[in-house]
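The values are calculated or read from the model by the stated rules, or taken from the named source; none is laboratory data. Just so it is clear, the structure is predicted and the values come from calculations on it, not from any experiment. No Cβ is skipped: glycine too gets one built from the backbone with ideal geometry, and neighbour counts run over all protein chains shown.
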Amino acid sequence: MVSRVIPVDDFDLVIFGATGDLARRKILPSLFRRFHAGQMPDQARVIGAARSDHDEASFRAFVLEALKEFARVKGAKASDYKAFVARLDYVTLDARGSEGWEALKALCARGATRAFYFSVGPSLFEDLAKRLHKYGLAGEETRIVVEKPFGRDLASAKALNAALARHFDESQIYRIDHYLGKETVQNLMAVRFGNMLFEPLWNSQYIDHIQVTVAETVGVAGRGEYYDRSGAMRDMVQNHLMQLLCLIAMEPPARFEPDAVRDEKLKVIRALEPVGPKDYVRGQYGGDEDHASYFDDVGDEDSTTESFIALKAHISNWRWAGTPFYLRTGKRLKNRASEIAVVFKDTPHNIFGDDAGRHRNILSIRLQPNEGIELGVTIKEPGPGGMRLIDVPLDMSFAEALGPDGEDVPDAYERLIMDVIRGNQTLFMRDDEVEAAWRWTDPIIAGWEERREAPLPYEPDSAGPDDALMLMHRDGRRWREIKE
Ligand code: NAP
């Protein structure tokens, strides 16, 4: 299937932190894919900026290496890569100094849409924002893109929002949560609001519960210092899992427009009930012959940071009262898989009798790997063996629709960067959403810190601590298996 390429306006995109990990692995490869798809206008330029010394040629060579490693693009030829890097410039610049800013201004002198991607630590956000004005680089149409972590609690998120608001209007600030750019996540909205089938059933009358799992096989080695200050709750739940929960639970917005969508998401966060100690389980992975333990990875054997968390959340509103949302995420688990599972209730009466077997409808939305949506439907087992029921999937997997290995499923960053250029904030978090999310997570974290709770150890390559299974067993439910 050939996807339609919708042209965007001419642009200059400046990447602060262009020599960093995120730029190499995600931002630059995503731009190359858009270029290769024919979406980058002829005059559009990408300008890298960081303190490292590069001239144009060495930066282009650096990017070429990154693309070879991280940009898997079907049908791309060596000449395509060369043509893309010919669009790149580089400025040596210090976010905290004066070097390089005039040179950057000279490179951005055209009248194109101007966007600045802050791919640097949050401590530099205000330095950059201030200098963009000081050196005459920012106007009313300028956009800035900022990355997570957006604060580590409500107070720091408010301070960061206030710092950005001193220099830019909210309509110019694009807070990325790349989960929102995933094709399946947008499809969740298409499935909910583009079909008559689901929305009438999308409530506590018909849905027993919802599970959201984001499981990773990797540990925290390499980013142990950052991770140990953060933990699974701050690193994953407060942003990615909360965003997924909002999209599942929100009321239909009147229009698919930025503030209409974000208003509805905000209402969900505000309706979340506080979570007490009985409703969460924290874990920390141990080691074995093949794997280093969490302690080894962070170099601190007294660390009480969680690398796993499972929790039960309730949304106190008309639609969801009585339907729990179970969220879990962790590192060093047995498989890498992210999934939202909407588990419908049993039929009110089983006309086939117990021997026939009984299955629930489950709508499973897989974010990775093999992005796709699957609906489990009960049918009769074929053959003459009487009325026996089996569960078969109605599969809407994108890999099949979009080519082998899902090669053509666009990366979340591709979509989001193009949305920045288009000036569409629908898939970006607004200041009040981020703050509301921290307002909910802060007391949960403060609770376990006050009680000095240590996380429970769990085996590497497992599904997390056994107590996480109990969190659902107690309610007569169970987690779906974490399958790749
Ligand atoms: P990184 O690898 O440490 O890169 C940081 C970049 O910032 C480098 O290019 C560095 O280049 C530049 N930099 C540092 N100090 C600077 C200064 N004073 N002036 C100008 N440039 C400066 O970090 P990263 O992993 O790319 O992450 C960047 C941001 O994205 C962080 O906020 C991170 O939390 C967030 N993020 C990253 C990922 C990821 O997968 N990596 C995922 C989600 C969010 P020089 O040293 O050459 O100046």
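Considering the stretch 244-295 alone, what residues qualify as being part of a helix (DSSP H, G or I) and among the acidic types (Asp, Glu)? Explain how you work it out, then say what you get.
Applying the first criterion (part of a helix (DSSP H, G or I)) to the stretch 244-295 yields 244-249, 258-270, 277-279, 294-295.
The answer is 259, 263, 264, 279.
Condition check ((1) aliphatic (A, V, I, L, M); (2) surrounded by 19 or more Cβ atoms within 10 Å (Cβ to Cβ); (3) at positive phi) across all residues:
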| position | (1), (2), (3) |
| --- | --- |
| 146 | yes, yes, no |
| 151 | no, yes, yes |
| 157 | yes, yes, no |
| 163 | yes, no, no |
| 185 | yes, yes, no |
| 192 | no, no, no |
| 199 | no, no, no |
| 212 | yes, yes, no |
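Counting only residues that are modelled with pLDDT under 85 and closer than 30 Å to residue 112 by Cβ, which one in the stretch 384-435 is surrounded by the most Cβ atoms within 10 Å (Cβ to Cβ)?
Among them, the one singled out is 409.
Tell me, please, whether a residue that is within 14 Å of the ligand (Cβ to nearest atom) and buried (at least 17 other Cβ atoms within 10 Å of the Cβ) can be found in the stretch 75-86.
Kept after step one, since they are within 14 Å of the ligand (Cβ to nearest atom), are these residues of the stretch 75-86: none.
Among the residues of the stretch 75-86, not one is within 14 Å of the ligand (Cβ to nearest atom) and buried (at least 17 other Cβ atoms within 10 Å of the Cβ), which makes the answer no.
Filter the stretch 206-231 down to residues that are farther than 15 Å from residue 336 by Cβ, under 17 Å from the mean Cα position of the chain (by Cα) and small (Gly, Ala, Ser), then give me how many there are.
Residues in the stretch 206-231 being farther than 15 Å from residue 336 by Cβ, under 17 Å from the mean Cα position of the chain (by Cα) and small (Gly, Ala, Ser): 2 in total.
Just checking, which of 58, 52 is free of Cβ contacts under 8 Å to residues at least 40 places away in the same chain, within 16 Å of the ligand (Cβ to nearest atom) and more than 19 Å from residue 112 (Cβ to Cβ)? Explain how you work it out, then say what you get.
Working: 52 fails: free of Cβ contacts under 8 Å to residues at least 40 places away in the same chain.
Answer to the selection: 58.
Can you name the residue in the stretch 409-467 that is in a strand (DSSP E or B) and either without any contact (Cβ under 8 Å) to a residue 60 or more places away in the chain or within 23 Å of residue 300 (Cβ to Cβ) (or both) and, of all such residues, is nearest to the chain's Cα centre (by Cα)?
Residue satisfying both the conditions and the ranking: 462.
For the stretch 93-105, give me the residue count where each residue is over 30 Å from the mean Cα position of the chain (by Cα) and either away from the ligand (no atom under 12 Å from the Cβ) or buried (at least 19 other Cβ atoms within 10 Å of the Cβ) (or both). Spell out the reasoning first.
Of all residues in the stretch 93-105, those over 30 Å from the mean Cα position of the chain (by Cα) come to 97-105.
Filter again for either away from the ligand (no atom under 12 Å from the Cβ) or buried (at least 19 other Cβ atoms within 10 Å of the Cβ) (or both), leaving 100-105.
Qualifying residue count, the stretch 93-105: 6.
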